[in-house]
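Only the coordinates and a few stated rules stand behind these numbers; no lab work does. Not measured: the values here are computed from a predicted model. Cβ coordinates were reconstructed from backbone atoms using ideal geometry, including for glycine residues, and neighbour counts include every protein chain displayed.
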Amino acid sequence: MGEAWTLAIGSSGMGLAMLSSQGLILQVNQSFADCLGRDVETLQHLRLWDLVLPMDREQRAREVTERLARRKGAATIRVLCLHAEGHVIEMRWTIADCLIGEAEHGLIVQAVACEAKHHRVLDFVHTHVGIKDRQGRYLYVNRSLQVALQTLTGQHSILGLRDRDILPPPWSETIRRLDEEAFRSDTSLFHEEHFPCIGGGERIYLTERLIDRSEAQEPCLVCISCDVTALKEASAHLARSEEHFRLLAENSGDVVFLLDLEGYVRWVSPSLTRALGWRPEEWIGQKGTDFILTHGLDSGYQLKLRDLHKGAEAVIARDQILASDGTIHWAETHASPFFNSSGCMEGYVGHFHMVDAVVATETQLRQSEERYRLLAENARDVIWTMEPNGDISYISPSIYELRGFTPEEAAAQPREQIHPRDSLARSEAYFAQLLADVAAGRQPEPFRSELEYYCKDGSTIWTDVIALPVLDADGRLVKLLGTSRDITERKRYEQKLSLVNQQLHTLATTDELTHISNRRHLESLINAAFSRSDRYGEPVSLVLCDIDFFKAVNDHYGHQAGDHVLIEFSRRIASNLRAGDEFARWGGEEFMILLSHTGAGTAYPVAEKLCRIIAETPFPDVGTVTASFGVAERQPGELLDSWIQRVDEALYASKEAGRNAVTMAADVGMPSLSCPPGDRGNGTAAPPAARRGG
């Protein structure tokens with residue numbers, strides 16, 4: 001019988017293995033080995049239960065031993081095995097008695113792997129996917145989740161473990177309750193989960209839990225998570241920056257405005273008065289077109305409005321606008337769609353400036369060259385046609401001036417040599433949609449977009465492309481007729497404008513001398529941290545520092561040396577803060593540090609460290625410089641003015657204690673604690689009534 005079994009196992013297409021009376025694998029075929037991602041040689045002479053997860057081996061060894069002892073028919077069991085690629089797979093073993101010699105009984109095992117293909121597919125998705133059994137053990141985690149869990153817990157593998165084995169009790173207990181809730185529910189459950197990171201901070205995930213109740217197997221829990229930490233941080237940053245950007249808009253030389261979807265003015269900057277004499281409140285609540293000479297009824301205005309409705313990134317238009325004194329002026333407007341945090345368009349944001357002088361010059365030029373205008377514009381545009389199969393059938397000679405190719409060379413180019421990747425994707429997406437519309441009997445839309453082209457010299461240019469589908473009487477596509485107009489200079493202007501806006505932002509938030517944040521910027525950050533502390537109970541601390549005897553430095557070494565001290569002082573402090581800490585010049589030789597998510601117990605050592613760093617290394621040209629520090633954690637319910645006053649008084653106490661010291665602000669109504677760096681708790685000093693000196 002042994003040779004017969006050997007021949008049957010080796011030739012079978014299903015996974016088969018033969019066991020000895022001691023449970024050793026005597027023979028196994030390739031199909032069985034493939035289920036586990038291993039080769040036949042490594043499986044032979046192992047015990048069958050060596051293939052399952054370590055925590056289940058004792059139970060499986062007992063089941064196989066009992067089966068050998070009883071010799072009672074066939075039985076099917078489900079087991080969890082470790083695949084060679086590192087993930088857990090579920091297998092179904094059908095075990096039956098067999099005679100492997102004249103007097104020796106053994107077992108024959110048929111193995112079937114369950115859902116291994118699904119696991120291999122999930123390994124390549126970026127979303128975190130994990131599968132747990134009813135006992136909370138991880139049966140599978142894809143690569144994305146494995147990396148995330150390793151970052152959170154330091155564990156290299158969690159297969160077969162429970163959450164309580166890898167996470168602290170507060171988080172593991174919360175997850176356990178959510179898992180149980182999912183098993184009781186018949187629908188998917190969504191939760192926002194917060195996890196601490198080993199290096200500090202936390203990660204935030206949006207998790208969906210659902211139960212797989214497939215037939216013939218125990219239900220298992222499928223968890224699908226997306227990391228939304230960056231989104232949460234971006235939302236917080238947006239909230240902190242809102243007031244700052246409003247100030248930028250209000251002080252801009254251009255007139256900045258916001259329209260709702262129906263065209264009503266919801267906000268306009270005060271610069272409107274300087275530009276046209278109107279007060280902002282005279283525009284707000286009115287239709288924006290009420291102040292345009294044509295009331296927005298001309299075709300050009302309507303075309304640009306349709307582009308904005310379709311989600312165009314930006315449009316530029318010139319219109320004649322009425323001033324408050326009844327005069328008419330030309331304005332150039334740049335407008336873009338405005339989207340809320342959910343991605344829905346809420347209106348339009350834009351800015352305009354007066355271009356009367358520019359228009360007057362252009363009008364004079366147009367009048368003097370009227371006879372040549374049409375010819376010149378047509379010569380600059382490239383006219384082309386494309387066949388339904390995508391081949392270029394005609395290109396006008398002006399292509400040579402635009403891209404440096406002859407019409408024949410340009411027509412023979414494959415698409416990837418015509419456009420860079422982004423423009424190529426837009427072009428091909430439209431052409432695919434065009435063919436789909438024609439095939440479905442729908443009227444295709446014309447194409448209007450800005451596309452980038454390669455030139456023969458290796459550079460690129462930007463063009464405004466308009467393409468119209470030409471259909472025959474039966475609705476079949478005959479060709480695509482298009483024009484391309486060079487807008488490279490306009491794109492460069494827009495890029496320069498973007499750079500200028502970035503520079504304005506830097507000027508508005510940065511101290512000119514030290515290149516760290518200025519007081520106005522830090523005040524907005526402190527207000528935001530104050531609000532978060534009220535809302536979420538987050539700890540937050542302020543550190544106020546002042547350079548000791550700075551006036552003496554200026555008097556003895558000169559103001560230029562004093563400026564160098566301020567710059568070097570700022571550099572030392574900034575280079576020794578955490579990434580999330582905010583540091584700004586508060587005024588003169590005073591500096592303020594905002595430590596978010598930080599209580600006094602952590603803020604005080606930070607201040608001590610900074611105090612030592614300043615004092616230990618002499619400054620170029622002036623020698624040793626010291627600084628005094630005050631530290632104050634915001635108390636629950638404390639007003640902002642009180643908090644800032646306490647840190648100011650703590651700094652005052654450091655000055656009175658002899659300078660080069662750190663003082664912890666007292667609770668309201670208590671004295672402050674002041675000591676030199678490294679000597680915490682050395683003494684107390686109450687702030688005097690007079691203003692401190694350097």
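Scan (i) 50; (ii) 63; (iii) 40 for the value of percent of Cα pairs over 39 Å apart calculated from this model and give just the label.
(ii)
Quick one: order Met354, Met91 by neighbouring beta-carbon count within 10 Å, fewest to most. Please report the intermediate quantities before stating the final value.
Working: Met354 18, Met91 21.
Starting with the residue having the fewest Cβ neighbours, the order is Met354, Met91.
Cross-link candidates for Lys655: which lysines have Cα within less than 23 Å, leaving aside residues fewer than 8 places away along the same chain?
Lys551, Lys609
Just grab the label-to-label distance for Arg279 and Asp50, each label 7 Å out from Cα along the Cβ direction, in nm (one decimal).
9.1
With n ≥ 4 as the cut-off for DSSP H runs, can you work out [θ] at 222 nm for the chain, using -39500 (n - 2.57) per run divided by the number of residues, rounded to the nearest 500?
-12000 deg cm²/dmol, from helical runs alone.
To check you understand DSSP bridge types, tell me what percent of the beta bridges within the stretch 510-684 (both residues inside) are antiparallel, rounded to 5.
On the way: 26 of 30 bridges.
Bridges in the stretch 510-684 are about 85 percent antiparallel.
Using unit Cβ charges (K, R positive; D, E negative) and no other charged atoms, how large, in debye to the nearest 20, is the dipole of the chain about its Cα centre?
Using only the charged Cβ atoms, the result is roughly 1180 debye.
Residue by residue through the stretch 598-613, what is 3J(HN,Hα) from phi via Karplus (6.51 cos²θ - 1.76 cosθ + 1.60, θ = phi - 60°)? Round to whole Hz and write x for glycine and proline.
Running phi through 6.51 cos²θ - 1.76 cosθ + 1.60 with θ = phi - 60° gives 9, x, 4, x, 9, 5, 4, x, 4, 5, 4, 4, 5, 4, 5, 4 Hz.
At 0.36 nm per residue, and after removing the present C-alpha to C-alpha distance, how many nm does the segment from Glu387 to Leu99 gain when stretched out fully?
That works out to 96.3 nm of additional length.
Starting from the eigenvalues of the Cα gyration tensor, five times each then square-rooted, give me the equivalent ellipsoid semi-axes of the stretch 233-362, largest first, whole Å.
The three semi-axes for the stretch 233-362 are 25, 18, 13 Å.
Provide the packing ranking of 500-507, 412-419, i.e. peptides ordered by the mean count of other C-beta atoms within 10 Å per residue, highest first. Walk me through the numbers before you get to the answer.
On the way: 500-507: 11.4, 412-419: 13.1.
The peptides rank, most packed first, as 412-419, 500-507.
Order of 126-132, 544-550 by packing, highest average Cβ count within 10 Å first?
Values: 126-132: 18.9, 544-550: 22.3.
Ranked by mean Cβ neighbours within 10 Å, highest first: 544-550, 126-132.
What residues have an amide H closer than 5 Å to that of Phe338, excluding those fewer than 5 places away on the same chain, when H is modeled at 1.01 Å from N in the peptide plane?
Glu346, Gly347, Tyr348, Val349
HN-Hα J couplings of the stretch 16-25 from phi, Karplus 6.51/-1.76/1.60, θ = phi - 60°, integer Hz, Gly and Pro as x?
10, 8, 10, 10, 7, 5, 9, x, 6, 7
For Arg535 and Thr510, what is the calculated FRET efficiency with R₀ set at 35 Å and r taken between the beta-carbons, to the nearest 0.05?
Efficiency, rounded to the nearest 0.05: 0.75.
Run the numbers for Arg572 and Gln155: contour at 0.36 nm per residue of separation, minus the present Cα-Cα distance, in nm.
146.5 nm
Under a cut-off of 27 Å between alpha-carbon atoms, report the lysines in cross-link reach of Lys132, not counting same-chain residues fewer than 8 places apart.
Lys117
Run down the lysines and flag those whose C-alpha is under 22 Å from the C-alpha of Lys287, throwing out any fewer than 8 positions away in its chain.
Candidates past the 8-residue exclusion: Lys304, Lys310.
How would Lys551, Lys655, Lys491 line up from fewest to most surrounding beta-carbon atoms within 10 angstrom?
Starting with the residue having the fewest Cβ neighbours, the order is Lys551, Lys491, Lys655.
For the stretch 1-57 and the stretch 384-420, what is the centre-to-centre distance using only Cα atoms, to the nearest Å?
For the stretch 1-57 versus the stretch 384-420, the Cα centre distance is 64 Å.
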